[in-house]
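The values are calculated or read from the model by the stated rules, or taken from the named source; none is laboratory data. All values derive from a computational prediction rather than experimental measurement. So basically every Cβ, Gly included, is an ideal-geometry build from the backbone, and we count neighbours across all protein chains shown. Ligands, DNA and RNA are excluded from the accessible area calculation, which covers all protein heavy atoms including side chains. Shrake-Rupley method; radii C 1.70, N 1.55, O 1.52, S 1.80 Å.
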Amino acid sequence: MCAAREGRWVRRRRSLLLCCVLVAAWEAAWGQLRYSVPEELPKGSFVGDVAKDLALELAALRARGARVVSQGRTQYFALHANSGHLVTAEKIDREQMCKNEPQCVLRCDLIVAGEMKVYAIEVEIKDINDNAPSFKEFQMEEKVSEMAAPGTRFSLPEAHDPDVGPNSLQSYALSGDEHFSLSVQVGADGEKRPELVLAKALDREEAAFHELLLTVSDGGEPARTGTARIRVVVLDANDNAPAFSQEVYSVRVPEDVPVGSTLLSVTATDPDDGIYGDVKYSVRKITKKTSMLFKLEPDTGEIRLMRNLDFEAEYSYELEVQAHDGGGLFDPAKVSISVTDVNDNAPEISVRSALSEISEDAAPGTVVALVHVQDRDSGGNGEVRCSLGEGVPFRLERALDDYYSVVTARELDREQASEYNVTESVICSRAALHKPLA
Ligand SMILES: [Ca+2]
Ligand SMILES: [Ca+2]
Ligand SMILES: [Ca+2]
Ligand SMILES: [Ca+2]
């Protein structure tokens with residue numbers, strides 16, 4: 001029988017065969033012949049010159065019905081009758097016959113029936129490097145938090161090479177990224193176990209994936225290799241606070257801006273993923289009065305006007321806002337809203353003092369009324385010019401800032417006009433440079 005020699009089974013088989021041989025009173029000779037051939041030879045390849053090595057006559061071998069016998073189903077060897085050579089009868093795969101056994105020996109018997117003799121033959125099947133080391137999966141994924149500390153280890157899949165000795169798996173190598181290095185642990189069983197080591201801190205916002213190539217080599221000549229692609233997925237951590245585009249947002253708006261208008265938008269960005277990067281806006285500090293005028297939209301950062309502004313009542317507002325992400329990190333900013341004046345007030349004229357009557361011989365320049373003129377707008381919008389109507393014998397003189405005196409321009413003549421409504425003839429309007437009140 002030609003089969004793998006495997007410990008106990010081989011011993012049991014030997015004794016069984018020996019027993020049979022003794023019973024049959026055959027003359028047996030053990031282990032006299034031993035050959036060595038590489039695996040995977042084509043059928044009919046030369047193994048050994050049996051006739052020569054046993055010093056048997058070729059003619060006698062043929063005449064006495066010599067043959068090679070294996071007990072298993074497969075006959076791996078045959079005797080070439082013309083040459084007396086032992087040849088392969090099948091292609092032999094060492095990996096299939098002997099798996100990881102360091103030595104693979106097949107046995108068969110040469111039986112010379114005419115002489116009642118049996119010769120045991122051992123054929124060692126030598127390994128050739130006909131298998132490349134390989135991984136079960138060519139593509140794999142490893143998930144690593146961006147907060148993982150350098151030095152953290154992650155197990156990698158092991159490769160397998162069914163060849164033995166130097167033709168089997170010898171080394172691993174990793175390429176692709178400076179963030180990772182390779183460590184190979186050798187177990188008590190001598191197995192090499194590759195591990196991924198985090199060499200440099202990760203940042204998902206910088207690189208969310210890392211593509212690595214794990215290569216395994218055997219020690220054959222030439223060496224064969226196998227590869228596996230490793231995709232490291234970096235898991236997000238909330239390592240970024242939202243950041244406003246400006247520390248202070250300033251805006252100037254006219255006091256007549258319509259209610260509901262968006263006055264400005266504050267914007268913050270957060271490069272994290274999912275809720276860690278989801279920015280919402282809120283008011284951090286505001287007076288009660290200001291809070292009734294402005295509304296901050298939590299999703300967009302828009303600040304909208306809720307009530308009419310009035311420059312004359314208040315022309316500047318300040319509030320503090322903040323942007324926060326879903327992980328509790330935030331950033332504050334200041335908002336300054338300045339209200340600009342619009343010409344929305346008409347001058348108000350009031351008579352502070354007036355004579356109810358005057359003698360017609362009063363000297364020109366006699367004061368008959370004191371008029372106060374006020375415009376609640378400021379600057380140019382509050383500048384007022386006053387005059388008197390046509391055809392009255394009075395003129396207007398500026399008395400003090402907002403005060404005007406109405407004085408007689410010439411001598412009066414009671415016979416021509418006995419009564420004047422002086423205060424009604426005072427006309428005030430905005431300075432010519434500014435648009436008239438709508
Ligand atoms: Ca190999
Ligand atoms: Ca092999
Ligand atoms: Ca992050
Ligand atoms: Ca964040």
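Taking a sphere under 12 Å around the Cβ of Ala132 and counting the other residues whose Cβ falls inside, with K and R at +1 and D and E at -1, yields a net charge of -3. Compared with the alpha-carbon gap, the fully stretched path from Glu191 to Gln170 is longer by 6.6 nm at 0.36 nm per residue. With the convex hull drawn around the C-alpha atoms of region 295-344, the volume per residue stands at 78 Å³. Full extension of the segment from Glu137 to Ala207, taken as 0.36 nm per residue of separation minus the current Cα-Cα distance, would add 22.8 nm. Quote the Stokes-Einstein diffusion coefficient, in whole µm² s⁻¹, for region 322-383, based on the Kirkwood radius over alpha carbon pairs, a temperature of 37 °C and a viscosity of 0.692 mPa s. Roughly 189 µm²/s, to the nearest whole number.
Put a dot 7 Å past the Cα of Glu419, heading toward its Cβ, do the same for Gln32, and the two dots end up 16.6 nm apart. With the simple spin-label model, which puts each label point 7 Å out from Cα in the Cβ direction, the Ser387 to Ala60 separation comes to 15.6 nm.
For the chain, the equivalent ellipsoid derived from the Cα gyration tensor has semi-axes of 121, 17, 14 Å, listed largest first.
Across region 352-424, Cα-Cα pairs more than 20 Å apart make up 33 percent of the total.
Here the Gaussian network model covers the chain, with springs between Cα atoms less than 10 Å apart; of Val367, Val164, Val112, Val367 fluctuates the most.
Sorting Ser70, Ser36 by accessible area puts them as Ser36, Ser70; the probe is 1.4 Å, largest comes first, and only protein heavy atoms count. Ranking Arg395, Arg62, Arg385 by solvent-accessible area of protein heavy atoms (1.4 Å probe, all protein chains present), from largest to smallest, gives Arg385, Arg62, Arg395. Available extension along the chain between Thr262 and Thr152 is 34.5 nm, counting 0.36 nm per residue and deducting the alpha carbon span.
Heavy-atom accessible surface of the chain, averaged per residue, reaches 56 Å², computed with a 1.4 Å probe.
Report, to the nearest whole %, how much of the accessible area of region 321-438 belongs to carbon and sulfur atoms, 1.4 Å probe, protein only. Reported share for carbon and sulfur atoms: 46 percent.
Across region 158-205, Cα-Cα pairs more than 16 Å apart make up 51 percent of the total. D for region 243-340, whole µm²/s, Stokes-Einstein with Kirkwood Rh over alpha-carbon pairs at 4 °C and 1.567 mPa s: what number? Diffusion coefficient, whole number: 94 µm²/s.
In region 139-235, the portion of solvent-accessible area held by carbon and sulfur atoms comes to 49 percent [1.4 Å probe, whole percent, DNA, RNA and ligands not counted].
Its residue count N fixes a reference of 2.2 N^0.38 Å for region 29-146, and the Cα radius of gyration divided by that reference is 1.48.
Taking 20 °C and 1.002 mPa s as conditions, region 298-438 diffuses translationally at an estimated 111 µm²/s according to Stokes-Einstein applied to its Kirkwood radius (Cα pairs). The heavy atoms of Met147 present about 120 square angstrom of accessible area, all protein chains included, probe 1.4 Å.
Annotation: Lys52 carries an accessible surface of approximately 150 Å², with a 1.4 Å probe and no ligand, DNA or RNA atoms counted. Each peptide in 120-128, 420-428 gets a packing score, the mean of other Cβ atoms within 10 Å over its residues, and the list from highest to lowest is 120-128, 420-428.
Can you compute the FRET efficiency between Ser353 and Ser316 using 1/(1 + (r/R0)^6), with r the Cβ-Cβ distance and R0 = 56 Å? Round to the nearest 0.05. It comes out at approximately 0.90.
Note on Thr215/Asp130: beta-carbon distance plugged into 1/(1 + (r/R0)^6) with R0 of 22 Å gives a FRET efficiency of 0.65. A helix-only calculation puts the chain at -2500 deg cm²/dmol for mean residue ellipticity at 222 nm, using -39500 (n - 2.57) for each DSSP H run of at least four residues, averaged over all residues.
In region 154-245, the C-alpha radius of gyration followed by the widest Cα-Cα span (Dmax) gives 17.4, 64 angstrom.
Per the 1.4 Å probe, what fraction of the accessible area of region 236-288, in percent, lies on carbon and sulfur atoms? The computed percentage sits at 51.
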